[in-house]
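The values are calculated or read from the model by the stated rules, or taken from the named source; none is laboratory data. Bear in mind the structure is a predicted one, so any value in this text is a computation, not a measurement. Don't worry about glycine lacking a Cβ; one is built from the backbone with ideal geometry, like all the others, and counts go over all protein chains shown. For the accessible areas, the whole protein counts, side chains as well, though only heavy atoms, and no ligand, DNA or RNA atoms are used. Shrake-Rupley method; radii C 1.70, N 1.55, O 1.52, S 1.80 Å.
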Amino acid sequence: MNSPLLASPGAVAPPDDLPDQGVAWHYGDPFAEQRSAARSVAVVDRSHRGIIAVPGDDRLTWLHNLTSQHFTELGDDAGTEALILDAQGRVEHHMVVAHTNGTVFLDVERVDELLAYLQKMVFWSKVEPRDATAEFALLTLVGPDVADLLTKLDVPVPGKPSAVLPLDSGFVRRMPWPGHDAVDLLVPRASLAGWWQRLTDAGARPAGSWAFEALRVESLQPRLGIDTDERTIPHEINLIKRAVHLNKGCYRGQETVAKVHNVGRPPRRMLLLHLDGSPEVQPETGDPVTLDGRTVGRVGSVALHHELGPIALALVKRSVAVESELMTGAEDRLVQAKVDPDSVPPETPGLGREAVRNLRQ
């Protein structure tokens, strides 16, 4: 589904080998777009994101039983994030959530696969999950001037992260990333061009997926299928607590979550790598990370940042020392890399087997 905003002045479509097809890659100056997102306000067309709507009387209890999140504690006009795990606790789906107007909205990477699973799990519950991508489109505002811009347009401003306010059949949702002032707007897809015009006329600079991805990588936010592989568990990609509620009832994959959190440590951790900018090549998603010729991880998202230069997220073995001199890439795209020490998550000491038994109860 190509966005009508691809016809906007200056919009450049992404190369075919990039994941964000259907929306603008940039509008002529991706570094200036990033600077606007960091210093004033930028608006990003993310209408290629899939939207699943879940109305129905049992929506919260039903999602509570299926996901890693405590949906029964999710009040009206509130947001969160959630995961669906497999039986071994590996991440299958990541959802950004908003609950408003009697409906839970999930924006996701892969609609068809997740919707098929949800519909299969309805049984006798009073829920009607549906693909709402053709009904709604997602726009993201980023920057310290977001609140001022929304106020100028008489749009309600959520006061705290994950707060949601109703808006024209959609919603305004405060996001904790990328940056400290991000806001998502879910608007009727038929009104997408009109909303874009209102926002840009009010002072938001158009920004493409290049800028958004660079800010996401800087914020250490993983993206399903790019920063994850078939073995990824939530602890490895900074999704514990934000997308996993550690004290809720049983759900698929909970045993692994409890065990790793309480008695062990994840085998890998997602780190921010600073790449050597002197070569004209960059590693690609899925390329190995090596140390002294041994593979110790995999490259995820790769981005060019307006201040940090070339950077990447990578899943790296926990045993790798932070000060290690790493290599990323394969064949003719080998690039040296160093770990950003600020990206290293703090260690969580094991709480013992008694804690695991308590959690299961």
Pairs, first under 18 Å from Phe136 (Cβ atoms) in segment 1-15, second aromatic (Phe, Trp, Tyr) and surrounded by 13 or more Cβ atoms within 10 Å (Cβ to Cβ), C-beta under 9 Å, six or more apart | Pro4/Trp196; Leu5/Trp196
Going through (1) over 22 Å from the mean Cα position of the chain (by Cα); (2) over 30 Å from Val146 (Cβ atoms) one by one, Pro55 fails only at (2)
With respect to Asp184, determine if the residue is within 15 Å of Asp107 (Cβ to Cβ) and acidic (Asp, Glu).
-> yes
Of the residues in segment 101-153 that are among the acidic types (Asp, Glu) and touching a strand residue (DSSP E or B) at 6+ places or on another chain (Cβ under 6 Å), the one that is surrounded by the most Cβ atoms within 10 Å (Cβ to Cβ) is Asp107
When the residues of segment 67-85 are filtered to those that are open to solvent by 20 Å² or more (accessible area, probe 1.4 Å) and touching a Lys or Arg at 6+ places or on another chain (Cβ under 9 Å), which remaining residue is nearest to Val111 (Cα to Cα)?
-> Thr80
Search segment 222-250 for residues that are surrounded by fewer than 17 Cβ atoms within 10 Å (Cβ to Cβ) and pair each with any residue that is among the small types (Gly, Ala, Ser) and part of a loop (DSSP other than H, G, I, E, B) when their beta-carbon atoms are under 9 Å apart and the residues are at least 6 apart or on different chains.
-> Asp229/Gly286
From the list Ser47, Ser36, Ser3, which residue is more than 19 Å from Asp131 (Cα to Cα) and among the hydroxyl-bearing types (Ser, Thr, Tyr)?
-> Ser36
State yes or no: is Pro267 closer than 30 Å to His305 by Cβ and surrounded by fewer than 16 Cβ atoms within 10 Å (Cβ to Cβ)?
-> yes
Could you please let me know if Gly293 is within 16 Å of Asp340 (Cα to Cα) and either surrounded by 19 or more Cβ atoms within 10 Å (Cβ to Cβ) or not hydrophobic (A, V, I, L, M, F, W, C) (or both)?
-> no
Determine, yes or no, whether Ser36 is crowded, with 18+ Cβ neighbours inside 10 Å and under 25 Å from Leu308 (Cβ atoms).
-> yes
Of all residues making up segment 9-23, the number that are among the charged types (D, E, K, R) and surrounded by 14 or more Cβ atoms within 10 Å (Cβ to Cβ) | 1
Right, Leu139: under 21 Å from the mean Cα position of the chain (by Cα) and not in a loop (DSSP other than H, G, I, E, B) or not?
-> yes
Could you check Arg35 against (1) outside the structural domain of Trp196 (by the TED database); (2) under 22 Å from the mean Cα position of the chain (by Cα) and say which number it fails?
-> (1)
Failed condition for Thr61, given (1) touching a Ser or Thr at 6+ places or on another chain (Cβ under 7 Å); (2) open to solvent by less than 40 Å² (accessible area, probe 1.4 Å), with all others met?
-> (2)
Residue list for segment 276-302, restricted to those being of a type in the set (Ser, Thr, Tyr), free of Cβ contacts under 8 Å to residues at least 12 places away in the same chain and either under 23 Å from Pro19 (Cβ atoms) or touching a strand residue (DSSP E or B) at 6+ places or on another chain (Cβ under 7 Å) (or both) | Thr295
Determine which member of the set Gly194, Gly203, Gly159 is without any contact (Cβ under 8 Å) to a residue 60 or more places away in the chain and more than 22 Å from the chain's Cα centre (by Cα).
-> Gly194
